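Taking it in order: structure first as structure tokens, then the write-up.
The values are calculated or read from the model by the stated rules, or taken from the named source; none is laboratory data. Since the model is a prediction, treat every value here as computed from it, not as a measurement. We place every Cβ from the backbone using ideal geometry, glycine too, and count neighbours over all the protein chains shown. SASA here: full protein model, heavy atoms, side chains in, ligands and nucleic acids out. Shrake-Rupley method; radii C 1.70, N 1.55, O 1.52, S 1.80 Å.
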Amino acid sequence: MRILLTNDDGIFAPGLAALERALKSLGDVSVVAPSTEQSGVGHAITFLTPLTAKEVFDGDRRRGWAVDGSPADAVKLGITEFCPTRPDLVVSGINAGLNAGINVLYSGTVAAAIEGAFFGITSLAVSLEWDEHANFDRAAEIGLDVIRGLLARRPAAGSLFNINIPTRSLTGPVDLRVVPMSVARYGEAFERRVDPRGRAYYWATNEPPPPPSPHESDVTALAAGKVTLTPLDYDLTHRGGLDDLAAGPWKIG
Ligand code: MN
């Protein structure tokens, strides 16, 4: 199996290195990742300026291709230019920080996986709760188990999955929950400060957290210490609205 591995924390991120070591047990891994951190850039792409990339080495060890662009750029270039053959799997991560709830839509990590799915390649994102001393190797073991389980189910080509791992699950038994993405709003507050020239500036506090919900979601399951698996789809069409709108009447022009 040929695997394209990317992330949004940059090619030198420890989460990517840990996942690369784990994924080698599944097949050949090609690393194509942003040269610098691109967290929170969502599905941005580079098209107004040329995209540059270079091979990077750690002594004699080849780390992969570093792309001066977004995670989606890295996947596009990886599939079309750098992978020796078309990959069978695109993996993005391990991100330093969860990608759950509506943060999925801001996430560069998830966007890279979505880009892989655009190509019709089964793709997944793996994220670990933020911790300065994160144990990415243990998270990679857990992620690999989930990936093996998914592949054993023979998902349709182009399937897309989001995996999140809370810190609490790294020690002790692992409980996997298959849950939908929460759509609760959070992170709405800004702190207003004043710079040395008297100008106001604003800093997002990412608080308050989403309100408690009786419906189980990735956010509630992660808060309970569960590893979460969410099948995703990038088709934003609201299908329930199609028939009503199509029925008209419309008077245009
Ligand atoms: Mn990130």
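Some notes on this structure:
- Relative intensity, log₁₀ I(q)/I(0), of segment 183-246 from a Debye sum that treats every alpha carbon as a point, q = 0.11, 0.17, 0.26 Å⁻¹: -0.54, -0.84, -1.10
- Subtracting the Cα-Cα distance of Glu37 and Thr52 from their residue separation scaled by 0.36 nm leaves 3.8 nm.
- The chain - mean residue ellipticity at 222 nm from DSSP helices (-39,500 (n - 2.57) per run, n ≥ 4, rounded to 500): -6500 deg cm²/dmol
- For the chain, with all protein chains in place and a probe radius of 1.4 Å, 54% of the accessible heavy-atom surface sits on carbon or sulfur.
- For segment 1-151, the convex hull drawn through the C-alpha positions has a volume of 108 cubic angstrom per residue.
- Cut-off 16 Å, label 7 Å out along Cα→Cβ of Tyr234, residues of segment 43-57 by amide N: 43-47
- According to the calculation over all Cα-Cα pairs in segment 1-58, the P(r) per 5 Å bin from zero is 4, 17, 24, 25, 17, 10, 3, 1 %.
- Remark: spin-label model distance Glu132-Asp175 equals 3.0 nm, labels positioned 7 Å along the Cα→Cβ axis.
- Of the DSSP H helices in the chain, those whose Cα atoms cover at least 20 Å axially and whose Kyte score averages -0.5 or more: 136-152
- Peptides 155-163, 182-190, ordered by how many other C-beta atoms sit within 10 Å of their residues on average, highest first, read 155-163, 182-190.
- Peptides 220-227, 92-99, 237-244 ordered by packing proxy, namely the average of other Cβ atoms within 10 Å per residue, highest first: 92-99, 220-227, 237-244.
- Residue-normalised accessible area of segment 102-253, expressed per residue, 1.4 Å probe, Å²: 63 Å²
- Given charges at beta-carbon only (K, R positive; D, E negative), |dipole| of the chain in Debye: 200 debye
- Shape analysis of segment 116-240 yields a ratio of the Cα radius of gyration to the Kirkwood radius, Rg/Rh, of 1.07.
- Within the straight-line cut-off of under 18 Å between alpha carbons, the aspartates and glutamates reachable from Lys251 are Asp243, sequence neighbours fewer than 8 places apart in one chain being disregarded.
- Cα-Cα separations in the chain greater than 30 Å, expressed as whole percent: 31 percent
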